[in-house]
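In what follows, a single structure is set out as structure tokens and then discussed.
What follows draws every value from the coordinates through simple rules; no lab data is involved. Just so it is clear, the model here is predicted, and its values are computed rather than measured. Neighbour counts are summed over all protein chains in view; Cβ atoms, including those assigned to glycine, are modelled from backbone coordinates with ideal geometry.
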Amino acid sequence: MAVCRKDLRVEFRTRYAYSALLMFAVTVMVTVSFTVGGFLPDSGVAAALLWIILFFSAMAGLPRIFAQEEEKGTAAALRMAAAPETVLMGKYMYNAVLLFSLAVLLVPLFFVLLNQSVLLPGLFLAVLLLGLLGLAAVSTVLAAIVAKAEAKGLLMAVLSFPVLLPLLLTAVKATHNCLAGSREGVAASMLLLFCYDGVILAASFLLFAYIWDD
Amino acid sequence: MAAKIILGIWLAAVIIASFVYMSSTQGLGETGRIIIYHVPAAWIAVLAYLMATVNSLGYLRRHAIRLDRKAKVSAELGTVFCLLATVTGAIWSKAAWGLYWNWDPRQTSIVVLLLVYGAYFALRSSIADEDRRARLSAVYAIFAFLTVPFLVFIVPRVYFSLHPDLINIKERSFAMDRKMLVVFFSSLLGFTGLYAWLYNIRLRLEKLLHRAETRGEKHR
Amino acid sequence: MTDLYFVLAATLATWLGLFLYILRVDLKIREAERREKI
């Protein structure tokens, strides 16, 4: 918890990571809208686009979370101060908060630019929530791995995609249904996302020590 | 040694049988013969990944670099067989249905496995330190492995609903007659044998290289 | 029909070539291992 608070405080001061993340996401969103918008994408395509944008934004914006520590040399201090699990939890919460704040700004933009309407808003938000939690979880763990390697940016996306595929596929399908107004399969999708998030978090906790301790 | 010769002859026999002994598959004609190669290759690709994951778990528990070596070797071979499976799948798809790619659940799954393998090696090649490389790639292998079961449930449903007009290709829906079953299982056995042999060779090579490296360092 | 035999021949040839190659690698490694022991 304290780790998360510390990161949030640092972040709030400079807002560097968040603004970079936001700018990236907005840029991609705008690019997509300009290029695809004219074709009046249907809810299915739009749902896919939303999650693609979220995915790449996470890839671009989140790895810094661990790289920062390595760069600034605070990593050693952090290792001594807190148990690995605490560090993981803190970083995860931070990433989740980051993604949620991003979504708050990005989703309305999505509706406006791509001319979408959502017929099942409650479910849509629920799916979004579960999906983002999973996205944050995977990003956190893989960011930790990537921090110890070279070529961070590219590696992040390459590693994340296969692991995130179940989440992306399910989220897109469920989001599509929510936008279009059909309840079909949404409950099952949410259950799946919930289980997926659980599995990822559990595995992260069990394996994080191996990543973190040098 | 004799075993290897037998393996060679065995698979040669399988190849011949798949064209001559076996009659053409019902429903898919001559192109269906490729199943004899395509499915075992995919099966081995998965088996190899399973081995890699188990060895990764072992490495994390016991910190023995030889287990990391085993994981890496299985993954390498797995990638090769996976490529083979993907390519034969695409060839078959083209020959039988006119498209190289059709988002059939199985075709998608095999590509995901290929992506996992690719990611695994991308990760490995970006870490210089041996122990760190072993540790991190082991963690990744396990993570990727955990997400696979989800795909088994998701992919058939998602892609079917996304492409409702897709020709629903059920590879196992056509029955394999007696002859084909025989050839198929023989092929499976042969492929497994081939994998075991290649694994053995590759592992020995790795060990030799590793020993040569460490010796070179000692002499410095 | 002859198309089929062509594919058969090609596949068989590929396999035999591959097999002999792998065998050669195997023997070379065995040689290297023997040298190690000495």
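Test of understanding: extend the Cα→C-beta vector of residue B:121 to 7 Å, then name every residue of region B:44-64 with backbone N under 16 Å from that spot.
Those under the cut-off are B:45-46, B:48-49, B:52.
Going by C-beta contacts inside 10 Å, put B:6, B:201 in order with the fewest on the left.
Listed from fewest to most nearby Cβ atoms, that is B:6, B:201.
As a footprinting exposure proxy, order A:197, B:131 by other Cβ within 10 Å, with the fewest listed first.
Fewest-to-most Cβ neighbours within 10 Å comes out as B:131, A:197.
Rounded to the nearest 0.05, what FRET efficiency do residue B:207 and residue C:20 have when you use their Cβ-Cβ distance and R0 = 30 Å?
With a Förster radius of 30 Å, E is 0.80.
Can you give the FRET efficiency for residue A:83 and residue B:62, using 1/(1 + (r/R0)^6), R0 = 30 Å, r = Cβ-Cβ distance, to the nearest 0.05?
0.85
Determine the gain in length on full extension of the stretch residue C:12-residue C:28; use 0.36 nm per residue of separation and subtract their C-alpha separation, reporting nm with one decimal.
Difference between extended and current length: 3.3 nm.
Between residue B:200 and residue A:42, what's the calculated FRET efficiency when r is the beta-carbon distance and R0 is 51 Å? Round to 0.05.
Numbers: r = 54 Å, r/R0 = 1.05.
E(calc), rounded to 0.05, equals 0.45.
For the residues B:76, C:33, A:150, what sequence is obtained by ranking on other C-beta atoms within 10 Å, fewest first?
On the way: B:76 19, C:33 14, A:150 11.
Listing B:76, C:33, A:150 from fewest to most nearby Cβ atoms yields A:150, C:33, B:76.
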